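The values are calculated or read from the model by the stated rules, or taken from the named source; none is laboratory data. Not measured: the values here are computed from a predicted model. When we count neighbours, we look across all protein chains shown, and the Cβ atoms used for this are built from the backbone with ideal geometry, even at glycine.
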Amino acid sequence: MKKAILLYFKHLFLSLLVFFIVGVSIIYYLNGAIHYGDVAGKYHWDREGPYIYYEGDSMVQVQYISGDKKTGYQVESAFLGLKDSSLVDCSFNLDSSHFSFNIEPTIVSPPSIYHDDEPILVISDVESAYATFRDFLLAQGVIDSDLNWTFGKGHLVLLGDFVDRGNSTTQVLWFIYMLEQKAKTHGGCVHFILGNHEIKNLQGNYFKASVKYFYAAAMLEKQQFDLYGSNSVLGRWLASKNTIEIINDQLFVHGGISPEILNYSADVEEINHIVQAAYRQPYYSKGYTDKEQILLSTTKGPSWYRGYFNDAISEVELDQILDTFGVDAIVVGHTIQKRVRKMYQGRIFAIDVNHPKDYRKSWPFYSSEGMLIQDGQYFRLFHDGRKKLL
């Protein structure tokens, strides 16, 4: 009897061990992670925000939320003139840091094509991880410890999906907003190329957003889709951004360019025009031209396409795409990789990796990566400032 019990528990232990090893292997293979806890203070807010909305053509309402679940939350509101160039503050409660920026009186869509010899640093899919994003730029010399721009005339390319799946979406977006201002004063440029999750938020699709923003919107007496609606400063600013850009003969796009676009005449300006016009319209096929259906599709559109990773494109088709757009390579995010890597003999560079979250504890622990393009060479960048030639 004793032997039978021992044998039973031995088999049970071995079975559980096998399941554990298989489960860990699947998680590793799929570039996944196990969420096992949150950082304390996740819902303790000290001037969370700002949430800024237009009041006519010359004023904005600036709102902050403070409090916690035990004592309750309060909303602080103020009205500012758009022409006053007043500094607005944004706090990051996890480390009690903050930064300031001016509210721009006008919003203009950026160009689609850039030509110079300046370096390009690109990172993608930060997914609301403000501290991770900030510290990566600090380690790579894009900013200093006071968040001042130190990248000269360089290009900082943010390749989409900087929102959702985290509790620092507001901080990440205002940080990018501020970086644009600081880069411009030094002759540099921040390129915020939208991913599918930014577009989802513009469409009112918040199902991947932290529940924090459902409650934040309610405290502001708004619906969640109003956070990036057409009356919000962040909403109008996001809606002005491109989904595809060419910088120094490199094409940057969140998902990719489907070979089916080769059947139609479409340059980067037209692609941006068509996709921007539909940012707030959830995709459905009825009523669109064939070209529009390809560009707005949630499987084949530039912010959604994954064909470079599932053998859906031939090398001949890829060469045709490069020739059509007159570029040397395409840089994409969207599809998670274990590391930044080059594919198709350096014609595709995939830079989407798992980044650590601000308030979330996960296993395995991931470290941020990005890529630098300089003097015709491509470098894999690490969170600690190192770089490695690809």
*Does ASP164 meet the test of being under 17 Å from GLY195 (Cβ atoms) and in contact with a helix residue (DSSP H, G or I) (Cβ under 6 Å, 6 or more places away or on another chain)?*
yes
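Would a scan of segment 312-326 turn up a residue that is assigned by TED's automatic domain parsing to the domain that holds LEU234, over 26 Å from LYS342 (Cα atoms), surrounded by 17 or more Cβ atoms within 10 Å (Cβ to Cβ) and of a type in the set (Val, Ile, Thr)?
In the first step, residues of segment 312-326 are kept if they are assigned by TED's automatic domain parsing to the domain that holds LEU234; the result is 312-326.
Keeping just the survivors that are over 26 Å from LYS342 (Cα atoms) gives none.
Taking every residue of segment 312-326 in turn, none turns out to be assigned by TED's automatic domain parsing to the domain that holds LEU234, over 26 Å from LYS342 (Cα atoms), surrounded by 17 or more Cβ atoms within 10 Å (Cβ to Cβ) and of a type in the set (Val, Ile, Thr).
Would you confirm, using the coordinates I've provided, whether SER66 is farther than 27 Å from LYS357 by Cβ, part of a strand (DSSP E or B) and at pLDDT 65 or above? Explain how you work it out, then say what you get.
Working: farther than 27 Å from LYS357 by Cβ: no; part of a strand (DSSP E or B): yes; at pLDDT 65 or above: yes.
So SER66 fails the test.
If you check SER258, SER265, SER232, which single one turns out to be of a type in the set (S, T, N, Q) and under 20 Å from VAL172 (Cβ atoms)?
Numbers: SER258 fails: under 20 Å from VAL172 (Cβ atoms); SER265 fails: under 20 Å from VAL172 (Cβ atoms).
Just one listed residue meets the conditions, SER232.
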*All but one of (1) surrounded by 17 or more Cβ atoms within 10 Å (Cβ to Cβ); (2) touching a helix residue (DSSP H, G or I) at 6+ places or on another chain (Cβ under 9 Å); (3) within 20 Å of LYS388 (Cβ to Cβ) hold for ASP352, so report the exception by its number.*
(2)
_Quick check on my filter: what residues within segment 81-102 are out of contact with any Pro (no Cβ under 9 Å at 6 or more places or on another chain) and part of a loop (DSSP other than H, G, I, E, B)?_
SER86, ASN93, LEU94, ASP95, SER96
_In segment 141-169, residue surrounded by the fewest Cβ atoms within 10 Å (Cβ to Cβ) [restricted to those that are of a type outside the set (Gly, Ala, Ser) and under 10 Å from the mean Cα position of the chain (by Cα)]_ = ASP164
*Residues in segment 310-319: is at least one assigned to a loop (DSSP other than H, G, I, E, B), in contact (Cβ under 8 Å) with a residue 24 or more places away in the chain and closer than 21 Å to HIS191 by Cβ?*
no
_Sole exception among (1) acidic (Asp, Glu); (2) at negative phi; (3) surrounded by fewer than 23 Cβ atoms within 10 Å (Cβ to Cβ) for GLU198, by number_ = (3)
*Does GLN61 satisfy being part of a strand (DSSP E or B), of a type in the set (S, T, N, Q), surrounded by 16 or more Cβ atoms within 10 Å (Cβ to Cβ) and not assigned by TED's automatic domain parsing to the domain that holds PHE252?*
yes
*Residue within segment 123-140 that is part of a loop (DSSP other than H, G, I, E, B), over 20 Å from the mean Cα position of the chain (by Cα) and either surrounded by fewer than 22 Cβ atoms within 10 Å (Cβ to Cβ) or at pLDDT 95 or above (or both) present*: no
*Within the group TYR53, TYR73, which residue is among the aromatic types (Phe, Trp, Tyr), at pLDDT 95 or above, touching a Ser or Thr at 6+ places or on another chain (Cβ under 6 Å) and not assigned by TED's automatic domain parsing to the domain that holds LYS357?*
TYR53
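Would you point out which residue out of GLN181, GLN140 is in the same structural domain as ALA239 (by TED's automatic domain parsing) and over 28 Å from LYS338 (Cα atoms)?
Working: GLN140 fails: over 28 Å from LYS338 (Cα atoms).
None of the others qualify; the one that does is GLN181.
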*Count, please, the residues in segment 282-298 that happen to be surrounded by 13 or more Cβ atoms within 10 Å (Cβ to Cβ), more than 20 Å from the chain's Cα centre (by Cα) and in a loop (DSSP other than H, G, I, E, B).*
2
*Looking at ASP384, is it in contact with an Asp or Glu (Cβ under 9 Å, 6 or more places away or on another chain) and in the same structural domain as GLY307 (by TED's automatic domain parsing)?*
no
